[in-house]
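Beneath this line is the structure, given in structure tokens, with notes to follow.
The values are calculated or read from the model by the stated rules, or taken from the named source; none is laboratory data. Nothing here was measured: the structure is a model prediction, and the numbers come from that model. Cβ sites come from the backbone with ideal geometry, for glycine too, and all protein chains shown count toward neighbours.
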Amino acid sequence: MVRMSLTPFPDRGCVAWLANHFEIYGDKLPNKHEIQLSVNVKKEIFEKYEKEQQLNGLESVQYNKFVNLWVTLFPNVKSRPWVDVPGKCNTCYVIDRLRRTAEDREVQRHVGLAHQMHRGGLFMLERDK
């Protein structure tokens, strides 16, 4: 709410889109106030934003403005560095592949929950040792 009130009117749609995107696709770290995304390039997220705006008949901001809004209003959202963790187990691989390829927001939401449960020890039994 505070972010929206401090943001110029044309950029509010972008800020709302970013907040929603980070909520769905972000991986919240339990021990830090940080959200990590599995996409390493901000340009990919911008292209997704631009495509959704065009489909809805809405005006989009330019790439530089998009990145500036991200960095200024969401400094706790970072790109997850690429690591070879998906090779750790078959479930990790399937979850990571779905997170990278699924386009549907509801699928992404459920894959995020599966990731949290798997990472949290519900399925990763090797963490008990």
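Here TYR93 clears all of (1) of a type outside the set (Val, Ile, Thr); (2) outside any helix (DSSP H, G or I); (3) modelled with pLDDT under 75 except the condition numbered (2).
Screening the candidates VAL107, VAL41 for the property of being closer than 19 Å to ILE24 by Cβ, at pLDDT 80 or above and not assigned by TED's automatic domain parsing to the domain that holds LEU18 yields one hit, VAL107. Give the stretch 53-64 a look and list any residue that's of a type outside the set (Ser, Thr, Tyr) and either outside the structural domain of ASP11 (by TED's automatic domain parsing) or surrounded by 15 or more Cβ atoms within 10 Å (Cβ to Cβ) (or both), or say none. Matches in the stretch 53-64: GLN53, VAL61. For the stretch 72-89, state whether one or more residues are in contact with a Pro (Cβ under 9 Å, 6 or more places away or on another chain) and at pLDDT 75 or above. Among the residues of the stretch 72-89, not one is in contact with a Pro (Cβ under 9 Å, 6 or more places away or on another chain) and at pLDDT 75 or above, which makes the answer no.
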